[in-house]
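Single-structure report; data block below.
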Amino acid sequence: MAQVKKDKIKQDIINTSINLFYLYGYNNTSIKLISEKLNISVGNIYNYFKNKEEIFNTILNDDLLDSFYEFIKIRSNIILKKELNLEVPNFEEDWLKNTFYPFLIENYKLLIILKNNLTSNENLKNKFNTLVNKLIDSKKQLLKKYCNKDIFEGYSWLSYSVLLSNIELYVKILENELTTTMEKIDKLSLLDLYQQKGMQAVLNKIME
């Protein structure tokens, strides 16, 4: 019973920290503020975490980043097929609407915390860049497979820029609390369509 209570307190600290990091940002959230919101002592928080950075790293842990990576990878592969005018099976279209977009909506606070700390947190930035490079390599391999052609290095830079831009735009959609879940899914779908058409024009130029 005591362990269950400890686990609950630790999870309460994590959940409260997510809300505060989302609302006020990492730098403007202190251990004292977290303790006040939970109505527990500062010392009690230190029984579970040695500092604020450890709370942050627990929230944006490697497993979560790997999940983001896997979801973005699958999504990128589907969009790439569309960019190349390849047939996209219905189950992949359904995956975008029924799995990927709901995943973004469910985890939007974490996505926003990630986006807001990419430049200031060196450790997070390095992990993110590693995942982005893996995504770009995966996309280049698929392009070679589908087109039997190596893609120039500038495409890697463009893919990275588009991904960062997409995160920014995803966040703007997800932050809008006035829209329903279905409205958000429709807007996310339109955003991906917009990217698909833009990158399609780039790839057509490259393939000439």
Worksheet entry | Centroid-to-centroid separation of the stretch 1-41 and the stretch 53-98 [C-alpha atoms, Å] | 29 Å
Worksheet item: Over the chain, what relative contact order in percent results from Cα pairs under 8 Å that are six or more residues apart?
Response: 22 percent
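Sort Ser17, Ser138, Ser120 by Cβ crowding within 10 Å, fewest neighbours at the top.
Ser120, Ser138, Ser17
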Discussion item. About the Cα centre, and with charges only on the beta carbon of Lys, Arg (+1) and Asp, Glu (-1), how big is the dipole of the chain? Nearest 20 debye, please.
Written reply: 300 debye
Practice prompt. Give me the angle, in degrees from 0 to 90, between the Cα long axis of helix 62-83 and the longest principal axis of the Cα atoms of the chain, rounded to the nearest 10.
Written response: 20 degrees
Worksheet item: Of the residues Glu168, Glu183, Glu87, which exhibits the maximal mean-square fluctuation in a Gaussian network model of the chain defined by a 10 Å Cα contact cut-off?
Response: Glu87
Worksheet item: About its Cα centre, how strong a charge dipole does the stretch 1-106 have in debye, to the nearest 20, once Lys and Arg get +1 and Asp and Glu get -1 at the Cβ?
Response: 560 debye
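Only the coordinates and a few stated rules stand behind these numbers; no lab work does. Quick caveat, the model's predicted, so the values are computed rather than measured. Neighbour counts run over all protein chains shown; Cβ positions are idealised from the backbone, glycine included.
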